[in-house]
1. Among the listed pairs A:Lys70/B:Lys57; A:Lys70/B:Lys78; A:Lys36/B:Lys78, give every one whose C-alpha distance is greater than 29 Å.
2. Summing Lys, Arg as +1 and Asp, Glu as -1, what charge do residues with Cβ under 11 Å from the Cβ of A:Gly104 carry, A:Gly104 excluded?
3. Sorted by accessible area (1.4 Å probe), largest first, how do A:Val19, B:Val12 line up?
4. When the Cα centres of the stretch B:14-48 and the stretch A:34-80 are compared, how far apart do they sit, in Å?
5. Ignoring ligands and nucleic acids, what accessible area does A:Glu17 show with a 1.4 Å probe (Å², nearest 10)?
6. In whole percent, what relative contact order does the stretch B:14-115 give with Cα contacts below 8 Å and a gap of six or more residues?
7. Translational diffusion coefficient of the stretch A:1-109 at 20 °C, 1.002 mPa s, Stokes-Einstein with Kirkwood Rh over Cα pairs, in µm²/s as a whole number.
8. By the scheme Lys and Arg +1, Asp and Glu -1, what is the net charge of all other residues having a beta-carbon under 13 Å from that of B:Val19?
Amino acid sequence: GQQLNQSPQSMFIQEGEDVSMNCTSSSIFNTWLWYKQDPGEGPVLLIALYKAGELTSNGRLTAQFGITRKDSFLNISASIPSDVGIYFCAGANFGNEKLTFGTGTRLTIIP
Amino acid sequence: EPEVTQTPSHQVTQMGQEVILRCVPISNHLYFYWYRQILGQKVEFLVSFYNNEISEKSEIFDDQFSVERPDGSNFTLKIRSTKLEDSAMYFCASRARTSGVHGQFFGPGTRLTVL
């Protein structure tokens with residue numbers, strides 16, 4: 001099956017630092033999505049990417065859809081305490097309903 | 001803001017018992033989904049449902065699982081004979097007909113513990 005690997009698995013940063021995480025796939029996706037999951041809650045969509053090479057921002061978040069369609073990265077600038085959580089990438093293909101989720105990156109902010 | 005709701009928030013059951021997890025999707029949504037997340041692992045797709053039938057399912061969704069939309073507002077996941085490895089968070093999601101797959105809104109989840 002399709003595998004999405006995220007790196008790093010976890011990050012410990014100080015408030016105000018920038019964060020970068022990425023996601024690589026064993027196969028091509030037509031759509032890349034980034035979600036955040038807070039403890040005890042479901043994933044919440046942050047950014048959706050639809051075209052290879054596309055770079056999209058949502059406030060302090062920026063994500064890119066890799067040219068090969070097999071990878072994506074997410075950057076968070078000037079991190080704040082509410083950025084703490086688990087970030088998942090997800091891939092989807094046209095005509096399919098399912099989302100394939102990555103392994104997740106856990107972000108912790110050190111006081 | 002409309003949201004997907006799920007009940008119960010936590011279900012404890014004995015191995016071999018049947019469980020039904022309930023979801024109320026957002027009211028004008030027509031596509032419905034179940035995903036599961038084993039503790040500490042990634043979210044995994046189980047099934048999608050549209051127009052009163054399953055549109056796609058994963059290899060996890062075997063004969064022990066079934067879904068139903070018993071009325072105009074609920075969407076349920078039934079596990080016929082639970083196994084220890086069914087212990088996980090189960091998330092329901094829904095989306096509008098006009099949105100793409102990215103338009104899935106997730107509920108808060110039901111934690112299923114099988115003893």
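The values are calculated or read from the model by the stated rules, or taken from the named source; none is laboratory data. Not measured: the values here are computed from a predicted model. Here Cβ is always computed from backbone atoms with ideal geometry, including for glycine, and neighbour counts include all displayed protein chains. Just the protein is used for accessible areas: all its heavy atoms, side chains included, with ligands, DNA and RNA removed. Shrake-Rupley method; radii C 1.70, N 1.55, O 1.52, S 1.80 Å.
1. A:Lys70/B:Lys78
2. Within the 11 Å Cβ shell, the charges total +3.
3. Solvent-accessible surface, decreasing: B:Val12, A:Val19.
4. Going from one Cα centre to the other spans 24 Å.
5. 80 Å²
6. 35 percent
7. 155 µm²/s
8. +4
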